[in-house]
1. Which numbered condition in (1) open to solvent by less than 10 Å² (accessible area, probe 1.4 Å); (2) acidic (D, E); (3) in contact with a helix residue (DSSP H, G or I) (Cβ under 6 Å, 6 or more places away or on another chain) is the only one that D19 fails?
2. Whether any residue in the stretch 20-31 is within 16 Å of P131 (Cα to Cα), within 14 Å of ligand 1 (Cβ to nearest atom), touching a residue at least 40 places away in the same chain (Cβ under 8 Å) and out of contact with any Leu (no Cβ under 9 Å at 6 or more places or on another chain) is what I want to check.
3. Checking the structure you have, find out if any residue of the stretch 317-324 is assigned to a helix (DSSP H, G or I), open to solvent by 50 Å² or more (accessible area, probe 1.4 Å), closer than 30 Å to A206 by Cα and not polar (S, T, N, Q).
4. Let me confirm something: among Q280, Q305, Q236, which residue is open to solvent by 30 Å² or more (accessible area, probe 1.4 Å) and in a helix (DSSP H, G or I)?
5. State all residues of the stretch 144-158 that are away from ligand 1 (no atom under 14 Å from the Cβ), part of a loop (DSSP other than H, G, I, E, B) and touching a strand residue (DSSP E or B) at 6+ places or on another chain (Cβ under 6 Å); if no residue qualifies, say none.
6. If I go through the stretch 71-115 residue by residue, how many of them are open to solvent by less than 20 Å² (accessible area, probe 1.4 Å) and outside any loop (DSSP other than H, G, I, E, B)?
7. Could we say that V182 is open to solvent by 20 Å² or more (accessible area, probe 1.4 Å), more than 23 Å from L258 (Cβ to Cβ), touching a Leu at 6+ places or on another chain (Cβ under 9 Å) and at pLDDT 95 or above here?
8. Among the numbered criteria (1) closer than 18 Å to F255 by Cα; (2) in contact with a Phe, Trp or Tyr (Cβ under 7 Å, 6 or more places away or on another chain); (3) β-branched (V, I, T), which single criterion is violated by T39?
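The values are calculated or read from the model by the stated rules, or taken from the named source; none is laboratory data. In this text the structure is predicted, and so the values were computed from the model without any measurement. Cβ placement follows ideal geometry from the backbone for every residue including glycine, while neighbour counts extend to all protein chains displayed. The accessibility values were calculated without ligands, DNA or RNA, using every heavy atom of the protein model including side chains. Shrake-Rupley method; radii C 1.70, N 1.55, O 1.52, S 1.80 Å.
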Amino acid sequence: MTSSFPRKVIFDTDPGVDDAMALYYALAHPDIDVVGITTTFGNVHVEQAAINALYLCTLTGRAIPVTLGASQPMVKTAEAPPTYIHGVDGLGNLPRRVDATGQLDTRSSAQFMVDMARQYPGQITLVAVGPLGNLAAALALAPELPTLVREVILMGGTVLEAGNVSPVAEANIWNDPHAADVVFTAGWPLIMVGLDVTHQVILPLALFKSIAEHHQHVATDTLYHAVDFYSAFYSQHDQIVGQVHGCYGHDVLAFVVLTNPELFTLQTGRVRVATEGLAQGQTIMRRKDISYPQHGWHEEIPHTQVCLKVQANACKDVIKTTLMRNWLRPSA
Ligand code: RIB
Ligand code: CA
């Protein structure tokens, strides 16, 4: 019986500061093998997301395929990127950048996902931490994809916790609700890591300062700069986070649930996404076994495993321990 680790992962991302934290967590962790980075619009325009993905890999001395993906939502009009949270450049407005190496893989993000799933049937885990247009496009390219992919883990949505872009909607889902509903009803093994758990894990800026001081490396220096900018937003706008002077780790938890599932409490149920109107972007979960007259909750809709609780302190410890590992090489 071969070990199920390291897990081959395609990281679908809109870097983005917490996306950068998540990427570095994945590169640092021995149980994760990032075989590709597929980019999407969201925190930045998709072109900047791809530039940032290549840049973050360059800093760590790794050459990982990076692709350009969805530039706008499937149906709704794209919102302006939240430059006030992640910076205009998506990484906290870095004062300078070293010359990035590497060229984009010429395939679209969706085609890359399909090719890899066909090349490694049953082995690829999609970890998606941005709007879900690439996954929806991959499903359109290959309807058999849910039978080829090992698992999908997405950072997005919220069930019991208030939203962060409306009282009921989380940003990734809200940015492309039609794509999200396609993903939640595709029938693949799916774990939702939403605000119900990511709002429990506040990462102090001081943690990233200590990681940078420990490594003395351009990659962790860059991450610290980015988190400093990102933390300023959360500390000014969120009273709870402001007490710590830190930020929500959001995307990192999509990898922590992969490496340390024992820290999470999950409930399985059908999840659908409101695509129009005041509640657009809401992830609605059928949590009671009731046969509803309202259309959309019929038996054929697949189930999602939703993270509802997390051992927050243990999660923070795992993030710190992992990023403190000896994982960095001389930057390229
Ligand atoms: O709501 C948080 C999510 O939106 C995270 O993925 C963050 O990077 C932004 O994309
Ligand atoms: Ca993200």
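1. It fails just one condition, (3).
2. To start, the set of residues in the stretch 20-31 that are within 16 Å of P131 (Cα to Cα) comprises 20, 22.
Checking which are within 14 Å of ligand 1 (Cβ to nearest atom) leaves us with 20, 22.
Pick out the ones that are also touching a residue at least 40 places away in the same chain (Cβ under 8 Å) and you get 20, 22.
Adding the requirement that they be out of contact with any Leu (no Cβ under 9 Å at 6 or more places or on another chain) leaves none.
No - not one qualifying residue is present in the stretch 20-31.
3. yes
4. After applying the criteria, what remains is Q236.
5. Here is the first cut: in the stretch 144-158, the ones away from ligand 1 (no atom under 14 Å from the Cβ) are 144-152.
Of the ones still in play, those that are also part of a loop (DSSP other than H, G, I, E, B) are 144, 149-150.
Those that are away from ligand 1 (no atom under 14 Å from the Cβ), part of a loop (DSSP other than H, G, I, E, B) and touching a strand residue (DSSP E or B) at 6+ places or on another chain (Cβ under 6 Å): V149, R150.
6. 6
7. No, not satisfied.
8. (2)
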